Each structure stands twice: as structure tokens, then as C-alpha cells.
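Here is the structure we will look at.
Derivation of every value follows stated rules applied to the coordinates shown; laboratory data play no part. From a predicted model like this one, the values you see are computed outputs, not experimental measurements. All Cβ positions, glycine included, derive from the backbone under ideal geometry; neighbour counts span all protein chains shown.
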Amino acid sequence: MTLGKKIFSGTLITGFILGIIFWGGFNWTLELTNSLSFCTSCHEMRDNVYPEYQNTVHYSNRTGVRAECPDCHVPREWIHKIIRKVEASRELYHKVVGTIDTPEKFEQYRLTMALSEWKRMKSVDSRECRNCHDYESMDFVDQGRRAVKAHSTGLDEGKTCIDCHKGIAHQLPKGWEEAAAKAGL
Amino acid sequence: MINAEELSSLRGDHPLDEVSKVAEKKNWAKDGEPISRNYVQQPPLIPHKIKGYQINLKFNKCLSCHSWKKYRESGATKISQTHFKDRDGNDLAEVSARRYFCTQCHVPQANAKPLVENTFKPVDAVKN
């Protein structure tokens, strides 16, 4: 083996190993920020939305399956996840300037934040809901009479989950119905 | 000395050194047809689950189906006109504050037996 070949294969192997370390490290760190414990490590989430979510079916239920913050608020597919994570970096700015650092301020911005999240969910046809809830696997026979009625007509009308299921994990702000109707949500 | 068999407390007649009976858990009734009233002016019972329904200053989840605006679309019973009057009998444009908190009068049902026997029967003329 000539010196040139040795350097080439050496670089290749080193690059491969470094690639695994950096890529793995990046993904590992990213996943650390994708958990309930990370989301509730700031008091803005821990004191406002988290206690509300704890009373809902997505936190505690009959079968013990739990949907945590990122299951609904962060897309699963890598490319969509990265885009969302980059968008969410502005939250660091608002954390620093304290946009929602008191319950009063949080309440003041709740509608704005809710509208923005409803808009995001509607624009992707409630993709994050559908990671678990699939129309195809819904058995209408097992649903209550109200659910059957809504789901069977909803399908035909091309509605998406978030059109009706707003405020299922967090409390709804005053005047949300008018605001949502105005925004076409 | 008192024998456990002779003594009955709130705990029932279970001996202290034994585990008491686990109370039977009551389940909320599943979605069903409207339940007919037992007497005139009885607040209608809720024939479905209402777990997690938000009823507070900011929003009333019940009204998202039972309001005059929504009842046709949802197929729900509409809120009675009596709920739009204040205590002096004045008509209001919104649901009266004293009638806003639905679950003060309207309640969902569970598979529980009545604690006290009741033989009440409404008179025929106003039975529905």
C-alpha cells in the first residue's frame, strides 16, 4: 500500500467515525429537547399548560398510553422536525425577555399562541394527531352516538381533527370561537 | 374484650386485622338517548360523559353543542329560554350568569343504586 492510499483510507475511516459521533451526538441532543421533562423544565410551561394537560385524557387514561408534549407539538419525520425545532428557537428569545413569565402575561398571549398552533396543525392536516389516531383504523361501532355522527360526516366533508378538537389538552381562552372563525380555523 | 363480630363501625363488620372490602367502582354511563324527566321542571339529566369539559369564565364546553346557534348542527337539545332570564325576570342577550354553570343542576349518570328508596310518582296530567 502506498503512502497516498494509506492517507486516503485513514481519512475515510476517521471521517466515518467522526460522522457517527457528530451525527449521533446531534440527534441525541435534539431528542433530549423532545421530552415532557425538558418542556416542563421552564416555569412558563410547568405552571400554566402542564397542570391543565394533567387533567386530560392524553395524560391519564384507561389504558395508560400517554401522548406527551412533543407527540402533538413536534412533527415525527426528521425534516419536518428540524424545521419546527428551528422555528421554535425564537422561544429562547421570548424566554429571555419574559414575554409570558407570569400567569397574567401567559393568559394575555394564550389566544395568540393557541391560534398559531391551530393554524400549524390545520396546515398539515393534523399530522401529529394522525400519528396515533387514524381514520382508517377507527371502528365507528365502538364509538358513542355523538362521536359516530361527527366522525362519519367529518370524513365526507374533508374536515381535519383540529377543526373540532380544540382545547382537548389545554384550556380554551375567552373569545376563542370568534377568533378562530375569523382566522378560518 | 370486644369481639370484632359484635362491633360495627363505619368500617362495617370487618375485623381490624383483615383487609376491608374494596368499594365497587361506579362508571359514568356511556353516550345514550335523552333520559325522560321524572317530574315537571326537573333539570334534564345528561345522557353522556362530560369528563374534561371546560365550564369556566373563559368557555363553556356544553354550549358548543347545546347553544341556540349550534343545536341544529350538533343534534343536541337546545338550552332552555328560561336560562336567559335574570332573577328579576328580565330577558338577557346571553345565558344568565346564575344559569351558566350547567353542572349545578344537570348531572351525568352512573350505574349507582339510589341510596334511599323513593316511591315518588308524578301526577298523570303533567307526566312526559
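The table that follows gives values for the structure above.
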{"item": "Principal-axis tilt of helix A:78-87 within chain A, Cα atoms, nearest 10 degrees", "result": "70 degrees"}
{"item": "Mean residue ellipticity (222 nm) of chain A, computed from DSSP H runs ≥ 4 via -39,500 (n - 2.57), nearest 500", "result": "-17000 deg cm²/dmol"}
{"item": "Neighbouring partner chain Cβ atoms per residue of A:162-171, average, 10 Å criterion", "result": "2"}
{"item": "Region A:92-136: radius of gyration over Cα atoms, expressed as a fraction of 2.2 N^0.38 Å", "result": "1.56"}
{"item": "Principal axes of the protein assembly as shown: Cα extent on each, largest first, Å", "result": "108, 70, 44"}
{"item": "Ellipsoid equivalent to chain A - semi-axes via the Cα gyration tensor, in Å", "result": "39, 24, 16"}
{"item": "Cys residues of chain A counted as unpaired, since no other Cys beta-carbon is under 4.7 Å", "result": "A:42, A:72, A:132, A:164"}
{"item": "Over chain B: helical MRE at 222 nm, DSSP H runs n ≥ 4 each giving -39500 (n - 2.57), nearest 500", "result": "-1000 deg cm²/dmol"}
{"item": "Pairwise label distance in nanometres, residue A:140 with residue B:36, each label 7 Å out on the Cα-Cβ vector", "result": "3.0 nm"}
{"item": "³J(HN,Hα), Karplus 6.51/-1.76/1.60, whole Hz, each residue of region B:101-116, x for Gly, Pro", "result": "8, 3, 6, 5, 10, 8, 10, x, 10, 10, 7, 9, 7, x, 6, 10"}
{"item": "Two-decimal Rg/Rh across region B:30-128, once Rg and the Kirkwood Rh are taken from alpha-carbon atoms", "result": "0.98"}
{"item": "Cut-off 13 Å, label 7 Å out along Cα→Cβ of residue A:88, residues of region A:9-44 by amide N", "result": "A:29-42"}
{"item": "Cβ neighbours within 10 Å from other chains - mean over B:52-59", "result": "5"}
{"item": "Degrees between helix A:3-32 axis and first principal axis of chain A (Cα, 0 to 90, nearest 10)", "result": "20 degrees"}
